[in-house]
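Here the structure is laid out as structure tokens; the discussion comes afterwards.
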Amino acid sequence: MRLPAVATVLLLSTTGCVKEISSEERLDRETQLKQMSDTPDAAELGKVHCDDTGEALNQARNVNLPETDRVLRYSELFSSLLKRNATFEEALARNPDLHYMEGSEKLVAARENCIQQTADVKVEFETYVRELVNVPTVQEIKGGNTVTVARLDFATLRQAIETLNLDDKEQLLSRVSSAEKRVVPSNPEGEEAGGRKRGK
């Protein structure tokens, strides 16, 4: 009677171990399958490109637009480019075979173009944001008095600084806060200071 009992214990122990490993392997397989299903395949990745940024960039550069609108356009374009770059990076990291599939040279070229476009837009966007941080206010005559007003909506400027995520982000945000304290409140007609055109 003892021998079958020992054999039963061994059998249960062995079965338990096999079951545990099998569960881990199954979990790994399911995770990999989930990641693959969430990752764009070659056909979907082929639709991702950065050749359509010209119009958005021209709008951001338009000096006739209010400063707030220009910053928003730069922010939207830069965020869109970051997202497209992330799509390439994630897809190629999870499926390295995409590098070697037929037509992969087009994917590589599109990825390189996105990287370059993102870098170029970042330089232009950062230059503009730093200019605004350096001169965030202008002087206006109101009721015969000279008052300090904002060139743009400070919340939008803060968000742009966050989006750029620069090394001196905290210093830039601090300078925006200091400038905000010097600005007069909204005028009696209810017009907000943010979104003014430069020089107005």
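The values are calculated or read from the model by the stated rules, or taken from the named source; none is laboratory data. Computed from a predicted model, the values in this text were never measured in an experiment. Glycine gets a Cβ as well: all are built from the backbone with ideal geometry, and neighbour counts include every protein chain shown. These accessible areas exclude ligands, DNA and RNA; they are computed on the full protein's heavy atoms, side chains included. Shrake-Rupley method; radii C 1.70, N 1.55, O 1.52, S 1.80 Å.
Please compute the modelled spin-label separation between D51 and A109, points set 7 Å along Cα→Cβ, answer in nm with one decimal.
In this crude spin-label approximation the distance works out to 0.8 nm.
Got a number for carbon plus sulfur as a percent of the stretch 95-164's accessible area, 1.4 Å probe?
51 percent
Ignoring everything but the protein chains, give the 1.4 Å probe accessible area of S79 in square angstrom, nearest 10.
About 50 Å², ignoring ligands and nucleic acids.
By the scheme Lys and Arg +1, Asp and Glu -1, what is the net charge of all other residues having a beta-carbon under 13 Å from that of R73?
-3
Assuming a viscosity of 0.692 mPa s and a temperature of 37 °C, what translational diffusion coefficient in µm² per second does Stokes-Einstein assign to the stretch 37-107, Rh being the Kirkwood radius over Cα pairs?
Rounded, D is 237 µm²/s.
Given R₀ = 30 Å, what would the calculated FRET efficiency be for K181 paired with I141, taking r from the Cβ atoms and rounding to 0.05?
E between K181 and I141, to the nearest 0.05, is 0.90.
How big is the stretch 60-177 along each principal axis, measuring the range of its Cα positions in Å and listing the largest first?
Dimensions of the stretch 60-177 along the principal axes of its Cα atoms: 71, 29, 16 Å.
Do the alpha carbons of any pairs in K142/K169; K83/K181; K106/K169; K47/K122 sit beyond 27 Å of each other, and which pairs?
K142/K169; K83/K181; K106/K169
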